[in-house]
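Visitor: Structure incoming, see below.
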Amino acid sequence: MDRDRRLRRILEVIPGSISWGIILSLVILAVLKPVACAVIIIIFDFYWIIRTAYLTTLLVMAYHKLFGQRDRDWLAQCRALPPERNWQRLYHLVIFPAYQEKPQTLRPSLEALKQSTYPKEKMIVVLAFEERDPQARANAGILEAEFKRDFFGFLTTFHPDGLAGEGRTKGANATWAAKKAKEFIGSKGIRYEEVIISCFDADTCAENNYFACLSYHFLTSPKPHQASYQPIPVYNNNIWQAPSFARIVEISASFCQMIESMRLEKFVTFSSHSMSFKTLVDIGYWPVNMVSDDSVIYWKAYLFYKGEYRVVPLYVTVSMDVAYSSSFFKTIIKQYRQKRRWAWGVENFPFLVTGFLCDREIAVVKKIRRGFHLLESHVTWAVWAIIVVFIGPLPILVGGAFFNQMTIGYNLPKITGLLFHFTLFTSLTWIILSRTILPSRPREIGWTKNILMIAEWAIVPFIILVLGSTPALDAQTRLMLGKYMPFNPTAKKE
Amino acid sequence: MHYKEQKIRFVLYWLSVLVFLMGLPSILSYALGYKFNTRTLRFTKTGLIALKSQPAGANIYFEKKLFKDKTPATINELLPGAYHIKVALEDYYPWVMQVAVEAGKVARFEKIILFPIRPNIEKLSNESSLSFWIDDKRDSIYYVSQENNSIYKSELDTQDYRKVSDFPHGVSAPIKWRLSPDGEKLLCFDLHQLLLVPLRPQSTAASGETKVLPLDVMQGTIVDVFWHSDSYHIIVVTDKNIEALEAMRSSKPVTLVSLNKNSTCAFYDVRADILYFLDSQLAGDGKIYDNIYRLDLNSRFDPFRELMKLRTNGQGQKVKKNP
């Protein structure tokens, strides 16, 4: 094993070993020193409640921004910009990487583009299929016939399977498509600086003012090429039809992204987002062998621009499908796998630290801060629910008569119970906000569903139990053991 | 725009940190039982008393003064020492205790039962009763009426008695009752006689009278009688042997074990059909030892099945004892 590979393996082991170290230390402590363990649990619980309250406040702020900007006429604002910031020179390149997605999944996404307020003669759409998908060419033909005339450019690409150095990842497909689009853009004499690329999941339906909003922010941002532009992902396409379990999970995911949009120094791209095409070409496209292409592209640009790269939050939504299946159990499995794939973003840690070690220009403090944030967020994800749900009661269960006769043994359940009563207030805020981001109820859905959609929040403890930390711990353990995850796209509808 | 929000966020962040840093010492000191003494400016380790009573809502008198909370309650931040505690509720006997409190520990009194001064006694039968029995499922009560020699049955939570059987004149009062597991037969026995009383109403309907069947016991004085789980076989323990017989007229008992000890005692586990009993055995050193034995009478257990077959020949077989 060469030096670089050895270093990478060490870095891959770090997140998982820290998470497991925390969990096992607390379990051992609960057995050997239950009082010390109880003290740590109380500190953690208190920290967690303060953190939840803080993050919920950020969520309310993000919500306020989202709804404050909802009815804004972004195109009018683009028009009002001075001539040196001419919006009409901008082209939007939209790539939809697809694998095994049927035309009925892609059609609403393309329809949403057609409904956009932004001029379609300034839009280039690329449907990026995988050549290994036997239905790809037929599906491409159907969609091409329907939409080819609606946009300035409409390309269909077929990513060959098994190219040297590539994995079967979305990033590899998107990179292939972006290179094909580059040829098209070059052939039309369009400058790369004037193209904004959006890489959308196949089921992504952008809000009609998304591209106008994106153009405005691109034109008004300082150093627009040194930024990615992140909309708020919501899962509204089928939210009224989805089962409670999946709906709550996806609403929570949207909320987490809204919270992240308020923490700019930690904000990283996620799922569907946009960036300068010039930047994409300069940094060498998406990595072709990593699963978490959506976040690693940010880190790639961050390293390329020596730390001078940021994510600009866009308070417009892009809507996707809730992932669910035909039965409750299958839905849990599907959601678990999707969250584990998201948690596989922990592979960014070795990527980033390796990049930092090769870099001589980014300030050390900045490197430590960003590296720590990345590590801390993944470790916290992997341990918090396990500490709260499983380790919390452990001192009482294994501490025996000695612990139970101690004051802390008596007070522990009372204090943790009382502390978590405070979270009811934050839960209430989440419930209210969840109602406001819902699309209007389809006619075929009865009004009683409204009641269910409030009552279903009662299953949050179960969701925390199943999906709170385990997918993240699973992903970190796999990375730690070198069992690399293949890219498994989540089939959203079954 | 972003600047303003980031400024608000900055304030919120540090406010959260402040709340955490200020709140944590209070929470931890409370959890660990520390009390801050404002005079000495020092933390003192205290203990607490936890009280829970049945019924709840009783007044607590701490050092003869009424405490603010009613049971269940916790009296916190107590310096080590002895405290007089009284838990009182109107119409109940009070619970009084001198409680020793240790630093950092909890004195738990969470099983206090306050007994009523006037117990809640309810009359369940309207006639003079000779004896009664409650079935194993705890949902029916049977009693023998002394006046008309009948057996009555009622649900435990009602007084809706109905006659289930006659109890013939001239039979001396039984000392013990055993209801069969299926609830359809009753065994009444004293030292010398064993009676089988069918409880099914239809058995009385045909003849107008319940047929109480006296069962034969081979020899000796009856010590105890048990139903087999099949509600058909009866295990009789006498001072001379252990017998099995069927719950029917002219059933011939089979001797399962001949006992050496006259005053044995026995327990029957009806779930597993195992009889535990006491008996004497002459050991190799010439001394007699009393030991506990178990006899497996599960119908799946071959010896019992074989013994039951032997009944037809009127033969007995002694089961080998495992010391």
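Visitor: Full extension from B:Gln98 to B:Gln193: what is 0.36 nm times the residue separation minus their Cα-Cα distance, to one decimal in nm? Provide the component values of the computation, followed by the final result.
Guide: On the way: separation 95, 0.36 × 95 = 34.20 nm, distance 5.53 nm.
Full-extension gain reported as 28.7 nm.
Visitor: Taking amide H atoms as placed 1.01 Å from N in the peptide plane, list the residues 5 or more away in sequence, or in a different chain, whose amide H sits under 5 Å from that of B:Tyr34.
Guide: B:Thr46
Visitor: Further question on the same structure: Which lysines, on any chain, are close to B:Lys153 with Cα under 19 Å apart, when same-chain ones fewer than 8 places away are left out?
Guide: Candidates past the 8-residue exclusion: B:Lys123, B:Lys137, B:Lys163, B:Lys176, B:Lys185, B:Lys211.
Visitor: Keeping all protein chains in the complex and leaving out DNA, RNA and ligands, what accessible area do you get for A:Glu183 with a 1.4 Å probe, in Å² to the nearest 10?
Guide: Taking all protein chains as shown, A:Glu183 has close to 120 Å².
Visitor: Grab the eigenvalues of the alpha-carbon gyration tensor for the stretch A:77-334, scale each by 5, take roots, and send me the semi-axes largest first in whole angstrom.
Guide: Details: eigenvalues 137, 101, 75 Å².
Three semi-axes, in Å: 26, 22, 19.
Visitor: What does the accessible area of A:Thr56 come to, in Å² to the nearest 10, when a probe of 1.4 Å is used?
Guide: Roll a 1.4 Å probe over it and A:Thr56 shows about 10 Å².
Visitor: With the full set of protein chains in place, find how many percent of the accessible area of chain A is carbon and sulfur; take the probe as 1.4 Å. Mind showing how you got there, number by number?
Guide: Details: 12500 of 20340 Å².
Heavy-atom surface of chain A belonging to carbon and sulfur, 1.4 Å probe: 61 percent.
Visitor: Got a sec? Which residues of the stretch B:100-114 lose 20 Å² or more of accessible surface with every protein chain in place, vs. that chain alone, 1.4 Å probe?
Guide: Buried on complex formation: B:Gly104, B:Lys105, B:Val106, B:Arg108.
Visitor: Within chain A, which whole H helices from DSSP have a Cα span along their axis of at least 27 Å and a mean Kyte-Doolittle hydropathy of -1.0 or more, if any?
Guide: On the way: long enough: A:3-32 (40 Å, 0.97); A:34-68 (50 Å, 1.45); A:364-385 (32 Å, 0.22); A:407-436 (45 Å, 0.79).
Span-like helices in chain A: A:3-32, A:34-68, A:364-385, A:407-436.
Visitor: Could you name the lysines whose alpha carbon sits less than 19 Å from that of B:Lys70, not counting residues in the same chain fewer than 8 places away?
Guide: A:Lys414, B:Lys52, B:Lys86, B:Lys111
Visitor: Also: What accessible area per residue, rounded to a whole number of Å², is obtained for the protein assembly as shown using a probe radius of 1.4 Å? Provide the component values of the computation, followed by the final result.
Guide: On the way: 39460 Å² over 817 residues.
Computed with neighbouring chains in place, this is 48 Å² per residue.
Visitor: Please list, in chain and number order, the residues 5+ apart from B:Val164 or on another chain whose amide H is under 5 Å from its amide H, with Hs placed from the backbone.
Guide: Result for B:Val164 returns B:Ile151, B:Tyr152, B:Lys153.
Visitor: Take each of the peptides B:47-60, A:152-165, average the number of other beta-carbon atoms within 10 Å over its residues, and list them starting from the highest. Don't jump to the answer; show the numbers that get you there.
Guide: Details: B:47-60: 18.4, A:152-165: 15.5.
Peptide ranking by packing, descending: B:47-60, A:152-165.
Visitor: Next up: Ordered by packing density, taken as the mean number of other Cβ atoms within 10 Å over each peptide's residues, highest first, how do A:136-143, A:12-19, B:77-84 rank?
Guide: Values: A:136-143: 17.2, A:12-19: 20.4, B:77-84: 13.9.
Highest mean packing first, the order is A:12-19, A:136-143, B:77-84.
Visitor: In the stretch A:53-67, which residues give up 30 Å² or more of accessible area once the other protein chains are added, compared with their chain alone (1.4 Å probe)?
Guide: Residues losing area: A:Tyr54, A:Met61, A:Lys65.
Visitor: Okay, moving on. Quickly work out the A:Ser327-to-B:Glu184 label distance, labels modelled 7 Å from Cα along the C-beta direction, and quote it in nm with one decimal.
Guide: If labels sit at B:Glu184 and A:Ser327, their model points lie 4.2 nm apart.
Visitor: Right, here's the next one. List for the stretch A:225-265: residues with 10 Å² or greater reduction in accessible area, all protein chains versus chain alone, probe 1.4 Å?
Guide: Residues passing the criterion (a loss of at least 10 Å², heavy atoms only) are A:Met262, A:Leu264, A:Glu265.
Visitor: Using 1/(1 + (r/R0)^6) with R0 = 45 angstrom and r between the beta carbons of A:Val364 and A:Ala138, what's the FRET efficiency to the nearest 0.05? Can you show the working numbers first?
Guide: Working: r = 54 Å, r/R0 = 1.21.
That gives a FRET efficiency of 0.25.
Visitor: Measure off, as a whole percent, the carbon and sulfur share of the 1.4 Å-probe accessible area of the stretch B:43-113, all protein chains present.
Guide: On the way: 2170 of 4040 Å².
Summing carbon and sulfur atoms, their accessible area is 54 percent of the total for the stretch B:43-113.
Visitor: If you don't mind, there's one more thing I want to ask. May I ask you to list the chymotrypsin sites (Phe, Trp or Tyr not before Pro) in the stretch B:246-287 that are in a DSSP loop and have at most 11 other Cβ atoms within 10 Å of their Cβ?
Guide: Details: sites: B:Phe267, B:Tyr268, B:Tyr276, B:Phe277; in loops: none.
Loop-located and lightly packed - none at all.
Visitor: Using the basic label-point model (7 angstrom from Cα toward the beta carbon), what is the B:Leu41 to B:Asp269 distance in nanometres?
Guide: Result for the modelled spin labels: 6.8 nm.
Visitor: Using a 7 Å offset from the Cα along the Cα-to-Cβ direction at both A:Cys256 and B:Asp290, what is the distance between the two label points in nm, to one decimal?
Guide: My value for the distance between the label points is 7.0 nm.
Visitor: While we're here: In Å and on Cα atoms, what radius of gyration and Dmax does the stretch B:86-182 show?
Guide: In order Rg, Dmax, the Cα atoms of the stretch B:86-182 give 21.9, 71 Å.
Visitor: Provide a whole-number value for the mean count of partner chain Cβ atoms within 10 Å of the Cβ atoms in peptide B:28-35. Show your work: numbers first, answer last.
Guide: Numbers: counts 6, 0, 6, 16, 8, 5, 1, 0.
Across B:28-35, the average partner-chain Cβ count within 10 Å equals 5.
Visitor: Once phi is turned into ³J(HN,Hα) by the Karplus curve 6.51 cos²θ - 1.76 cosθ + 1.60 with θ = phi - 60°, what whole-Hz value does each residue of the stretch B:227-237 show in order, with x for glycine and proline?
Guide: 8, 6, 4, 7, 6, 10, 9, 10, 9, 10, 9
Visitor: Give the B-A buried accessible area in Å², both sides summed, 1.4 Å probe, nearest 100.
Guide: Values: alone 20430 and 21630 Å², together 39460 Å².
Buried area between the two chains comes out at roughly 2600 Å².
Visitor: Still on this model: Need one value: the accessible area of A:Lys179 in square angstrom, 1.4 angstrom probe, rounded to the nearest 10.
Guide: Surface open to solvent at A:Lys179 totals about 100 Å².
Visitor: Sorted from largest to smallest, which semi-axis lengths in Å does the alpha carbon gyration tensor of chain A give for its equivalent ellipsoid, taking the root of 5 times each eigenvalue? Don't jump to the answer; show the numbers that get you there.
Guide: Details: eigenvalues 318, 142, 98 Å².
Sorted largest first and rounded, they come to 40, 27, 22 Å.
Visitor: Counting other Cβ atoms within 10 Å, keep those with at most 12, restrict to DSSP loop, and tell me which chymotrypsin sites (Phe, Trp or Tyr not before Pro) in the stretch A:400-494 are left.
Guide: Working: sites: A:Phe402, A:Phe403, A:Tyr410, A:Phe420, A:Phe422, A:Phe425, A:Trp430, A:Trp447, A:Trp457, A:Phe462, A:Tyr484, A:Phe487; in loops: A:Trp447, A:Tyr484, A:Phe487.
Taking the stretch A:400-494 and a limit of 12 other Cβ atoms within 10 Å, the loop chymotrypsin sites (Phe, Trp or Tyr not before Pro) found are A:Trp447.
Visitor: In whole Å, largest first, what are the principal axis extents of the Cα atoms in the stretch B:43-113?
Guide: Dimensions of the stretch B:43-113 along the principal axes of its Cα atoms: 41, 20, 19 Å.
Visitor: Between the DSSP loop rule and a limit of at most 14 other Cβ atoms within 10 Å, which trypsin sites (Lys or Arg not before Pro) in the stretch A:17-104 are left? Each step should come with its number before you reach the end.
Guide: Values: sites: A:Arg51, A:Lys65, A:Arg70, A:Arg72, A:Arg79, A:Arg85, A:Arg89; in loops: A:Arg70, A:Arg72.
For trypsin sites (Lys or Arg not before Pro) across the stretch A:17-104 that sit outside H, G, I, E and B with at most 14 neighbouring Cβ atoms in 10 Å, the list reads A:Arg70.
Visitor: Compute the length gained on full extension between A:Lys223 and A:His373: take 0.36 nm times their separation in residues and subtract their Cα-Cα distance, giving the result in nm to one decimal. Each step should come with its number before you reach the end.
Guide: Numbers: separation 150, 0.36 × 150 = 54.00 nm, distance 2.42 nm.
This chain segment gains 51.6 nm when fully extended.
The values are calculated or read from the model by the stated rules, or taken from the named source; none is laboratory data. Everything numeric here is computed off the predicted structure, so don't read it as measured data. Please note: Cβ atoms are built from the backbone with ideal geometry, for glycine as well, and neighbour counts cover all protein chains shown. The accessibility values were calculated without ligands, DNA or RNA, using every heavy atom of the protein model including side chains. Shrake-Rupley method; radii C 1.70, N 1.55, O 1.52, S 1.80 Å.
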